[in-house]
Amino acid sequence: MKFAVAIFTWNRPHMFDLSLKHLAECRGAQHIPIHVYLDGGRTSESEIQNIIDKYKDKFAATSLTCRPVNWGLTRNILISVQETFARGYDVVCLLEDDVLCSKDFLEYHKRCHTTLDFEKLNLLAIAGYTKEGPKAADGMNPAEAIFLQQWYTPDGVSFRRNEWNLVEERMKDYLRDPIGTLNSMKDAVIKAEPQRQDMWVGNMPKYVAQAGYIQRIRAARGMKIVCPCMSRCQDIGFYGTHEPSGLKVYTGIDPYDKENWKRSHWYTDRFQEDYQWKELRFI
């Protein structure tokens with residue numbers, strides 16, 4: 001199984017550096033190629049390339065693709081994953097520049113993709129992140145516990161080629177007309193999962209960005225996401241375009257200070273930097 005990691009960055013080189021450092025420390029990183037996609041308009045190509053070069057010996061291969069103008073996170077993610085699969089991989093893992101991985105992150109994803117029956121379980125993807133959810137049963141190693149979720153979780157998530165094809169089916173339409181495309185999916189989504197009515201307010205869709213689009217792809221087919229009870233990712237995005245705290249740009253706050261990680265809206269207290277386990281089991 002050919003596995004790669006696609007990494008997306010724009011204006012957070014300090015976080016990108018820390019995120020890449022954590023990925024480089026994952027067990028098995030030396031067997032994994034990484035492909036970095038820099039959106040245009042903020043951080044220079046040379047600055048990102050210098051960061052990649054610090055860790056390039058830790059990976060099987062590295063590449064950097066720079067967008068000539070600012071595409072925005074949604075377009076950069078969707079097109080970048082499409083381009084990564086076009087390189088011939090069977091599995092692509094998506095990693096934003098404000099996400100830190102545990103040392104078993106790659107082991108966790110590979111085990112899921114090699115042991116789980118995607119067709120039988122009706123799976124869309126494997127998530128590496130958990131903020132809240134069920135906990136492992138008493139006496140069970142929490143690091144071994146996984147569960148099925150009817151919600152798309154984008155942090156540290158991996159797709160197989162077949163399932164990503166479902167995302168690509170309407171991707172051109174969505175990128176051209178996101179509101180119209182999401183509204184055209186409404187009936188199918190609510191028929192499959194009536195509780196998803198709350199993803200619209202009247203005729204206006206909520207969660208219009210790429211995660212909301214993929215969530216509707218999942219919901220329209222009643223598909224599920226595998227999540228770990230103990231998160232293999234930590235979201236430290238305490239500044240950036242979508243950060244509700246109001247910190248939109250870097251102001252010198254140290255991203256290496258773990259207390260600052262807690263400023264992130266998506267910070268989880270279920271993250272450890274390493275886990276030991278022998279198998280993964282559904283709770």
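Pairs Lys191/Lys224; Lys224/Lys278; Lys135/Lys262; Lys56/Lys278: which exceed 18 Å Cα-Cα? List each step's numbers first, then the result.
Working: Lys191/Lys224 16 Å; Lys224/Lys278 24 Å; Lys135/Lys262 21 Å; Lys56/Lys278 29 Å.
Distance filter (> 18 Å) returns Lys224/Lys278; Lys135/Lys262; Lys56/Lys278.
Structure remark: mean-square fluctuation, Gaussian network model of the chain, C-alpha springs under 10 Å; the largest value among Met223, Met15, Met185 belongs to Met185. Here is the P(r) of region 3-282: all C-alpha pair distances, binned every 5 Å from 0, give 1, 6, 13, 16, 19, 19, 14, 8, 4, 1, 0 in whole percents. Measure off 7 Å from each Cα along the Cα-to-Cβ vector at Gln82 and Ser46, then give the distance between these two points in nanometres to one decimal. Using points 7 Å along Cα→Cβ, the separation is 3.3 nm.
Here the gap between Met1 and Val208, fully extended at 0.36 nm per residue and compared with their Cα-Cα distance, gives a gain of 71.3 nm. Work through the residues other than Asp269 whose Cβ is under 11 Å from its Cβ and net out their charges, Lys, Arg +1 and Asp, Glu -1. Charge balance in the 11 Å sphere: +2. So, in Å, what gap is there between the alpha-carbon centers of region 6-51 and region 120-160? Answer, in whole Å: 25. Comparing mean-square fluctuations of Ala145, Ala220, Ala86 from a GNM of the chain with C-alpha springs under 10 Å, the top value falls on Ala86. Once the other residues with Cβ under 12 Å from the Cβ of Tyr129 are scored (Lys, Arg +1; Asp, Glu -1), what is the net sum? Residues near Tyr129 contribute -2 overall.
Dividing the mean sequence gap of close Cα pairs (under 8 Å, 6+ apart) by how many residues region 1-134 holds gives a relative contact order of 36 percent. Scanning residues 5 or more positions from Gly156 or on other chains, those with amide H under 5 Å from its amide H are Glu96, with H placed 1.01 Å from N in the peptide plane. Shown here are the Rg and Dmax of the Cα trace of region 1-160, at 15.9, 53 Å.
For the chain, what is the calculated [θ] at 222 nm in deg cm²/dmol (nearest 500), taking -39500 (n - 2.57) for each run of four or more DSSP H residues and dividing by its residue count? All intermediate terms of the calculation are to be shown ahead of the outcome.
Working: 11 runs with 94 residues, N = 283.
The per-residue figure over the chain is -9000 deg cm²/dmol.
For region 3-282, relative contact order (Cα pairs under 8 Å, six or more residues apart, normalised by length) works out to 23 percent. When the charge dipole of region 3-282 is built from unit charges on Cβ atoms (+1 for Lys and Arg, -1 for Asp and Glu) and taken about the Cα centre, the candidate among Thr181, Tyr152, Gly212 whose Cα reaches farthest toward its positive end is Thr181.
Would you mind working out the magnitude of the charge dipole of region 3-282 relative to its Cα centre, with +1 at each Lys and Arg C-beta and -1 at each Asp and Glu C-beta, to the nearest 20 Debye? Walk me through the intermediate numbers first.
Values: 37 positive and 37 negative charges, 122 e Å.
That gives a dipole near 580 debye.
Each of Leu123, Pro33, Ala192 was scored by the projection of its Cα onto the charge dipole of region 3-282, and the greatest displacement toward the positive side belongs to Ala192; charges sit on the C-beta of Lys, Arg, Asp and Glu. Its alpha carbons considered, region 80-204 gives a radius of gyration followed by a Dmax of 16.6, 51 Å.
Which FRET efficiency value, to the nearest 0.05, is calculated for Tyr256 and Asn122 with the Förster distance at 41 angstrom and r the Cβ-Cβ distance? Write down the numbers at each step before the final one.
On the way: r = 40 Å, r/R0 = 0.99.
FRET efficiency, Tyr256 to Asn122: 0.50.
Readers should treat all values here as calculations from the given coordinates under stated rules, not as data from a laboratory. Quick caveat: nothing in here was measured; it's all calculated off a predicted structure. Every residue, glycine among them, receives a Cβ derived from its backbone with ideal geometry; neighbour counts consider all protein chains shown.
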